[in-house]
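Take a look at the structure set out below.
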Amino acid sequence: MKVKPVKLRESHKNSNNGKPSFCSVLWDNYSTHIVTSSSSDSSISIYDSLLLSTPSKNLRHHRDGVTALSLSPNSTCLASGSIDRTVKLYKFPSGEFQNNITRFTLPIRTLTFNKSGSLLAAAGDDEGIKLINTVDATISRVLKGHKGPVISLAFDPNNEYLASLDTKGTVIFWELISGSMLHTLKGVAPDTSSDMSIMNGLSWSPDGELLAVPGLKNDVVMFDRDTAEKVSTLRGDHVKPICFLSWSPNGKYLATSGLDNQVLIWDIAKKQDIDRQKFDERICHMAWKPTGNALAVIDVMGKYGIWESIIPSSMKSPTEDIPTLQLKNSNGIFLFDEEEEQERSTSNSLSDVGEDSFGESVPHTRKRLRKSSLSEENLEEDVDEELNKSTRSESLKRPAKAHKESWEGGDRKPKSMIAQNGSKIQEPFQPGATPVQPGTKCFLCYNMLGSITTMQHDGYSHIEIDFHDTSQGPRVPAMTDYFGFTMASLNENGSVLANPRKGEKNMSTLMYRPFSSWANNSEWSMRFEDEEVKAVALGTGWVAAATSSHFLRIFTEGGLQRHIISLDGPVVTAAGFKDELAVVIHSSQPLSSNDQMLEFRVFNISNGTQPLKGRLPLSPGSSLTWFGFSEEGRLASYDSKGMLRVYSDQFGGSWLPLFSANKVKKPDENYWMVGLSAEKLFSIVCKSPDLYPKVSSKPVLSLLDLSYPLASSDLGADTLEKEFIFRNTRLLQIQKAIDETEAAGMDCTQLDDEAFDMEAALDKCILRLIASCCNGDKLVRATELVKLLSMEKSVRGAIKVVTTLKLPSLAERFNSILEERLLNDATKNEALSNPKSHADTTTKTDTIDKTFISPNTLTEKFISRNNILSNNLSSNLTNEPSEPITPSPTPKFTATIFPKKAKIQEGNSFQVEQKKSVVLTNVQKPTDITKDAVNHSLGKQQNPAEATKKLKFSGASNPFAKSGIDSDIRPKNPFAKTSGIQEKSSLLDSIKKMKTVS
């Protein structure tokens, strides 16, 4: 069969005097962009894959040729390595430069993210492999063992191993938990030391079972993931060594390129090539299209192209039956074993980067258990890859005796006292603290700002305070502790420490250390006789200690004893945030089922009030293991069953379950809670039986997505439903923040913008749910959903979706809803323009569930604050001249008209605005409707009178296009701080504010 030649176009000019260069090509996860680079060009090019003829977006931040590219799994962050020895991060696809994440002493040759994006591995000519924690941009470990430049890296899909290949053809299997070399395979790949334009690439199969490596006989060799034994080879018509290979998304095909300028396509099951193509120059890099039957290629001269229809239609598509990897540990987190660190003579921690470590190792003789069969699920097209393979049964960490002494059972339950009915009463604990063991370093406090550690010696301890963002936090000198502190709390202004009762007088000590003060000797301490401090907390201008006498003692930052409050029961824990102090106490004896009966109280220290009080829900039979505030100030709790709950004002005040560890963690793992933001939970993964992290090596944080534990729906769109309820809840929170900010007389522009973005993202999710309902014949549910859309163009997009799906009755119903919206909106805007005449007019009752934000709630607020815009909008809807609106008594804002508010008027209030149209053509399959409707813009809108008439449809289109504004609704960069009004520094701040290396 004659193969149609692939047309290549120039992406990078060869400035290497015609000599070959190593070039790279990548697809993003949604197949909407292609990224290219060249070792002879310092720029990175980003192309729109649908419009390759249009000019590319060029990123010019490196000072020398770019030798490596890698995209995070959710395609929100791009990493690049260069001959200039730096690794840089960018937002994707905007290309906005973020920071220099690390620097090498010699040129960089390869980069790769792990499956979750929490780790970035980088290597090059200096032979060491750096594992970079992308949460806080710190180097978690440096792996040393290669005797030549490292040219290829690959994380296995289970986040257990890292495979590396050097120019001498040596392959090493690294175990991520311990950082040790499991297997060393010398000379299995061709030696490429003489030509750095040849970067032999190794790659794991998508199911993680096999590692493919270019062989010595112009073939591909497959190695077993657990034993590193040779399993099979692929040998065909390559007449020279293979230099690069790439697996198809489903793992059924493999593309190989060789020094003979050929590219062969292999059927893995049959072990034979099914297609090939000869090129003028050597193809040095390839990438399969994630959502289609195509392969992107780039040659050594910087020319790239797309090989379309690469797999014959008679065979299974390369995107069909993609392995669904049930990743329990969704962030590939690993911790360092303290005992193993002590046994090794050399260390691989950041502090020992300059030392030799890990020489030649003998491959482990043990064989691991093979994985059970993979569970297969259908993937949502627009959902990030967030699942990985099921767990492996063998735990690699040896038990820690000290841990067993302080903690009991499989659940993470602190040791408890026995109640009269035989059930256990939970003892007090300090959030973010680990049990103190003599001679072992432990955490007195670990939160989103930093950590306080202690190491006990004979009669005294050594205490250190470290901040995650070293550029933001002050430098605090270490102190010698003669009191034996066991708990602490940390914020931006200072730290408070406390110890249990000790000494002849049986006294407990509380000490406060401010980080800065205008006065000397600003540190102070308090002692309590026959009274023991059980928990401490810090806030803005106050220090609190809950004691064994059921007292809540509150001090000022200067040490003034301000308040003493009696609590109704024994204290369990306490936490502070700005003016608010939250305390948990026992309200009664535990039930016979061992359910703890806890109560929480929230005190406003500045106002002297108690705004919240109530029962604290826990999972049956569990205990409380973490309690505190999110970065936005939301009260949250985490229990020993792995359930995270967040307090909400909904339904008169209730706790919402936002995360369940049992749904994502492996059986041999425990999550140690650190904190949370608006969308992420921060935790440290500990291998059983460890229930808290070791401090000998810096723990690596895991970012976990918050999601409601919803029931399995008959719609089969669980991910969309979780996104829908989460975004709706988040929108309610933003609206509350806007109300509070307005009441305080402050500018809420940032919150307004965030509300707009959340409304747009929510509408996008609802449209995809409507398409799923239509495909699943759930038309009543689709009608309920369309009523929840906020923007007019979103409703029009829904009409186009159902029309394309040939559901005329549903389209007519949607059109009626649109007519009613237009009429109601015109009435409201007329009332805003003529408040006097409308005073006697009766308003309609809102029929939408009040727990969901009304589609026009935010719009009305924006109109009321923007008189000029309201007048213009009103004049477009009525024939009567609009009267001036009386200025609102609310505080003035810094800007008269906000661009995004204007767009909200355009979308939410259903006004008459001309919009640009980009019409999608060739809509063929109903299964494509979701993606098409969300990712293409709507056509020109009609005026209100015409809107009630017959609508002409030309195909599904995007209801979110904002003219003049970059409107892409993309997943947020996992390395950027969550938006919101924050005054404090956190782990996420450390990424944005990190010092760049020029």
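With the simple spin-label model, which puts each label point 7 Å out from Cα in the Cβ direction, the Glu464 to Leu106 separation comes to 3.1 nm. Take the Cα radius of gyration of the stretch 654-733 and divide it by 2.2 N^0.38 Å, N being the number of residues; the result is 1.28.
Suppose the chain between Lys19 and Asp321 were pulled fully straight at 0.36 nm per residue; how much longer would it get relative to their current alpha carbon spacing? Walk me through the numbers before you get to the answer.
Details: separation 302, 0.36 × 302 = 108.72 nm, distance 4.14 nm.
Result for the pair: 104.6 nm of gain on full extension.
A simple spin-label model places pseudo-atoms 7 Å from Cα toward Cβ; at Leu710 and Ser593 they are separated by 2.7 nm. Close lysine pairs were tallied over the stretch 550-679: pairs 8 or more places apart or on different chains with Cα atoms under 23 Å apart number 4.
Suppose each label sits 7 Å from its Cα in the direction of the beta carbon; what would the Leu560-Gln272 distance come out to in nanometres? So the two model labels end up 8.9 nm from each other.
Is there a quick way to get the dipole size of the stretch 676-828? I mean about its Cα centre, with the Cβ of Lys and Arg at +1 and of Asp and Glu at -1; what is the value in debye to the nearest 20?
Working: 20 positive and 24 negative charges, 132 e Å.
Charge dipole, the stretch 676-828, about its Cα centre: 640 debye, nearest 20.
Given an 8 Å cut-off on Cα distances and at least 6 residues of separation, report the relative contact order of the stretch 772-820 as a percent. Each step should come with its number before you reach the end.
Working: 28 pairs, mean separation 17.3, N = 49.
Taking the mean separation of contacting Cα pairs over the length of the stretch 772-820, I get 35 percent.
Potential lengthening of the chain between Asp777 and Lys736 amounts to 11.1 nm, from the contour at 0.36 nm per residue minus the alpha-carbon distance.
Packing order of peptides 166-172, 479-485, 743-749, 571-577, highest average first: 571-577, 166-172, 479-485, 743-749 (average count of other Cβ atoms within 10 Å over each peptide's residues).
Binning the alpha carbon pair distances of the stretch 248-322 at 5 angstrom intervals from zero yields the distribution 3, 17, 29, 26, 16, 8, 2, 0, expressed in whole percent.
Gain on full extension, evaluated as 0.36 nm per residue between Lys7 and Arg235 minus their Cα-Cα distance, stands at 79.4 nm.
Here the contact order of the stretch 625-673, divided by its residue count and restricted to Cα pairs under 8 Å and six or more residues apart, works out to 26 percent. Using Stokes-Einstein with the Kirkwood hydrodynamic radius over Cα pairs, what translational diffusion coefficient do you get for the stretch 551-605 at 20 °C and a viscosity of 1.002 mPa s, in µm²/s rounded to a whole number? Using the Kirkwood radius from Cα pairs, D works out to 172 µm²/s. If R0 equals 51 Å, the separation of the Cβ atoms of Ser313 and Asp64 corresponds to a calculated FRET efficiency of about 0.70.
Which FRET efficiency value, to the nearest 0.05, is calculated for Asn824 and Phe651 with the Förster distance at 22 angstrom and r the Cβ-Cβ distance? Let's see the in-between values first.
Values: r = 27 Å, r/R0 = 1.21.
After rounding, the FRET efficiency stands at 0.25.
Averaged across orientations, what area in nm² does the convex hull of the alpha carbons in the stretch 691-847 project? Kindly include the intermediate steps, with their values, before the conclusion.
Values: hull surface 60.3 nm².
Mean projected area of the Cα convex hull: 15.1 nm².
Along its three principal directions, the equivalent ellipsoid of the stretch 213-298 from the Cα gyration tensor extends over semi-axes of 20, 16, 11 Å, largest first.
Summarising the overall dimensions of the stretch 609-755 from its C-alpha atoms, the Rg and Dmax are 17.0, 52 angstrom. The orientation-averaged projection of the convex hull spanning the C-alpha atoms of the stretch 1-95 amounts to 7.4 square nanometres.
Each reported figure results from applying straightforward, stated rules to the coordinates on display, with no laboratory input. Not measured: the values here are computed from a predicted model. Using ideal geometry, Cβ is built from the backbone for each residue, glycine included, and neighbour counts are taken over all protein chains shown.
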